[in-house]
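The values are calculated or read from the model by the stated rules, or taken from the named source; none is laboratory data. All values reported here derive from a predicted model rather than from experimental measurement. Cβ atoms come from the backbone with ideal geometry, glycine included; neighbour counts cover every protein chain shown. With ligands, DNA and RNA removed, areas are computed over all heavy atoms of the protein, side chains included. Shrake-Rupley method; radii C 1.70, N 1.55, O 1.52, S 1.80 Å.
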Amino acid sequence: MIYSFVLVAHSWLRWVVLLLGLLALARSVRGWAQRGPWTAADRKVGAAFVGSLDAQLLLGLLLYTALSPLRPTSMAALKAAMPIPALRFFAVEHIFTMIVAVAVAHVAWARAKRAPDPTAQHRRLALGVVFTLLIVLAAIPWPFMAYGRPLLRLP
């Protein structure tokens, strides 16, 4: 029961992450292009994007470490999963890539907050969000993949 709930939440939260990422990207590109001020709204959207990634990672780690029947329970199980693309994706590639995406987002957010001027803040956030979204998009199990998952998982 809890596995299904967390899996559905993880599935739906991906859309929140993507939407907040696009919103943060749009605001930062506009601010960069127009040399606009770094506003409270910019801070809130950036923080919401990073926070949603953190929540998504937390749910993913909960699935990976405790709830999912696909989790490798030993090094032998991990070694056995490596030749099977679907198992390798969920046991290694998905989790590793998403951790990298969260790290990139955190570094970009920290660098944006410490930038010397508003234009640099917008530029740093824009570039960080682009890289983060590209990594996230590459690691999502899209339905067209052999091991894909539905776009919207229903309870």
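Key figures
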| read-out | value |
| --- | --- |
| Which numbered condition V100 fails, given (1) without any contact (Cβ under 8 Å) to a residue 40 or more places away in the chain; (2) open to solvent by less than 70 Å² (accessible area, probe 1.4 Å); (3) under 27 Å from G36 (Cβ atoms) | (3) |
| Qualifying positions in the range 105-125 - surrounded by fewer than 21 Cβ atoms within 10 Å (Cβ to Cβ) and part of a helix (DSSP H, G or I) | H106, V107, A110, R111, K113, P118, T119, A120, R123 |
| Test result for P37, without any contact (Cβ under 8 Å) to a residue 12 or more places away in the chain and not in a helix (DSSP H, G or I) | no |
| Unique match (being assigned to a helix (DSSP H, G or I), open to solvent by 30 Å² or more (accessible area, probe 1.4 Å) and touching an Asp or Glu at 6+ places or on another chain (Cβ under 8 Å)) among R43, R88, R27 | R27 |
| For G51: the one exception among (1) closer than 20 Å to W15 by Cα; (2) without any contact (Cβ under 8 Å) to a residue 12 or more places away in the chain; (3) in contact with a Leu (Cβ under 7 Å, 6 or more places away or on another chain) | (3) |
